[in-house]
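The block underneath contains the structure these notes are about, expressed in structure tokens.
The values are calculated or read from the model by the stated rules, or taken from the named source; none is laboratory data. Since this is a predicted model, take the numbers as computed values, not measurements. Methodologically, a virtual Cβ is constructed for each residue, glycine included, from the backbone with ideal geometry; neighbour enumeration extends over all protein chains shown. Each accessible area value is taken on the protein alone, full model and side chains, heavy atoms only, with ligands, DNA and RNA left out. Shrake-Rupley method; radii C 1.70, N 1.55, O 1.52, S 1.80 Å.
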Amino acid sequence: MLTNRQLFLLHLGQTSSAPLMLEIEKAEGAFMYGPSGEKYLDLVSGVSVSNTGHRHPKVVEAIKNQVDSYLHLMVYGEMIQSPQVKYAERLASLLPEQLCSIYFVNSGSEAVEGALKLAKRYTGRSRIIYFTNSYHGSTHAALSVQGNEKYRNAFRPLIPDTVQIDFNDFSSLNRIDDHTACVIVEPIQAEAGVILPRTGYLELIRERCSKHGALLIFDEVQTGFGRTGTMFAINRYSVVPDILVLAKALGGGMPLGAFISSREIMSSLINNPQLGHITTFGGHPVCCAAGFASLEVIVEEKLAESCVQKSALFKKELNHPMIADIRGEGLLLAVQLRSPEHVQKVIANAPSHGLVLDYFLFCSDAFRIAPPLVISDDEIKYACRQLLSLLEDTI
Ligand code: PMP
């Protein structure tokens, strides 16, 4: 009989020449467990998804309750499903007033698709401006605004009329003009290796967009739900976008995405054509119930606020001559080593030291620290001890 490991390689579509290949039987809080009792501290959160930890009891309870009522009923936007309504109302209550109309989809890429379409439809323009080393997903439109050739060149032609400008370069913002439909930006660039905007940069993007009637889209797929120390990065920078894109932690561990705008902007999807965006499963009731419960946990347990001190603890404990830099906000951190080879070895050896680590797509000399926000101080100290011995043993 073949092992799961063999079946994984035989029957699951592979996209990596070196997948992590960890078999997990159970996950709870900040830990994952293998079939023979192996224990791994999760420093990735499934890439910024499991903000409230694995299987938070309140999230599990919400999922079970919803499963007992109904699963999928109808394509999005026709029937009144209380998990969607409840979650949309709660999200709107936490966002700036104009961001009150929420279109639920299934993933980040799909939310980006919806946001770009909405901007084109609302402005009647086609030009989209995006930034070097931005990542917005893997579908055609999302690839078209990916600021790195490596993962997209083979899939050309992509959508036309897109313009790439350098992130944090003030002068190139004059490319935003009367032809621009929208500017799409991650307020903190994640896959670029956690790059923060320079002071005043997001504000100037906002100013240029408003001046020229272009819509500003913030992709907060990774920065949302407390990860950087505030509920959303927009709370940190006080810049309100016209469209906000959310996913990952939005579903509390279930697949869910959303693009969010004012009611006026969103309503442009109602006419010419009607049904301007369609999804079968978007806003699945079980996912919305899980997301709502997870959001309540983030608020009640003050997880966003806790990230600030937890981030400082990581930075304090992680002292090693091989670490060139630790940058980032809250629990979205990039640990920069001396070379990409060191990063590869450290990530590959992490499980043998009881840790799960991961790469950044566009920053080969750093690895990511993005644990569940529920991680305790003792668990952080344990993670740092393990990381330091991992560095000693590996490099
Ligand atoms: N935007 C950002 C900033 C992301 O990090 C990602 C995924 N890593 C996406 C969009 C795409 O999300 P998904 O993988 O759910 O399509």
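Determine the relative contact order of region 1-53: mean sequence separation of Cα pairs under 8 Å and six or more apart, normalised by residue count, in whole percent.
21 percent
Between residue 302 and residue 98, what is the FRET efficiency for a Förster distance of 22 Å, r being their Cβ-Cβ separation, to the nearest 0.05?
Efficiency computed from Cβ-Cβ geometry: 0.25.
List every DSSP H helix in the chain whose Cα atoms extend 15 Å or more along the helix's own long axis and whose mean Kyte-Doolittle hydropathy is at least -1.0.
Qualifying helices, which must be both long enough and hydrophobic enough, are 57-69, 82-94, 108-123, 201-212, 285-300, 303-317, 377-394.
R0 = 56 Å: FRET efficiency of residue 317 with residue 150, Cβ-based, nearest 0.05?
My answer for the efficiency is 0.95.
At 7 Å along the Cα-to-beta-carbon direction for both residue 85 and residue 392, put a label point, then send me their distance in nm to one decimal.
6.0 nm
Solvent-accessible area of residue 270, probe 1.4 Å, all protein chains present, reported in Å² to the nearest ten, please.
Accessible surface of residue 270 is approximately 100 Å².
Could you pull out every residue, at least 5 positions away or on a different chain, whose amide H is within less than 5 Å of the one on residue 127? Hs are placed 1.01 Å off N in the peptide plane, and Pro or chain starts have none.
Placed amide hydrogens put 181 under 5 Å from residue 127.
Just for region 58-300, what percent of DSSP beta bridges are antiparallel, to the closest 5?
For region 58-300, the DSSP antiparallel bridge percentage is about 40.
Considering only Cα-Cα distances, which of the following residue pairs are longer than 24 Å: 150/316; 248/316; 26/64; 86/248; 58/86; 248/310?
Over 24 Å Cα-Cα: 150/316; 248/316.
Given a 1.4 angstrom probe, what's the average accessible area per residue across region 281-395, in square angstrom?
That works out to 38 Å² for each residue.
What accessible area per residue comes out for region 28-146, rounded to a whole number of Å², with a 1.4 Å probe?
It amounts to 44 Å² per residue over region 28-146.
Computing the accessible area with a 1.4 Å probe over protein heavy atoms, can you report the carbon and sulfur percentage for region 219-306?
Summing carbon and sulfur atoms, their accessible area is 56 percent of the total for region 219-306.
If I take every Cα pair under 8 Å that is 6 or more residues apart in region 58-300, average their sequence separation and divide by the length, what percent do I get for the relative contact order?
About 30 percent, as a whole number.
Mind ranking 43-50, 125-132, 253-260 by how tightly packed they are, going by the mean number of other C-beta atoms within 10 angstrom, highest first?
253-260, 43-50, 125-132
Give me the percent relative contact order of region 127-166, please, defined on Cα pairs under 8 angstrom at least 6 residues apart.
Worked out over region 127-166, it gives 50 percent.
For residue 117, which aspartates and glutamates qualify as cross-link partners when the Cα separation must be under 16 Å and same-chain residues fewer than eight apart are set aside?
161, 219, 242, 264
Among 307-313, 12-18, 382-388, how do they line up from the highest to the lowest mean number of other beta-carbon atoms within 10 Å?
Output ranking for 307-313, 12-18, 382-388: 382-388, 307-313, 12-18.
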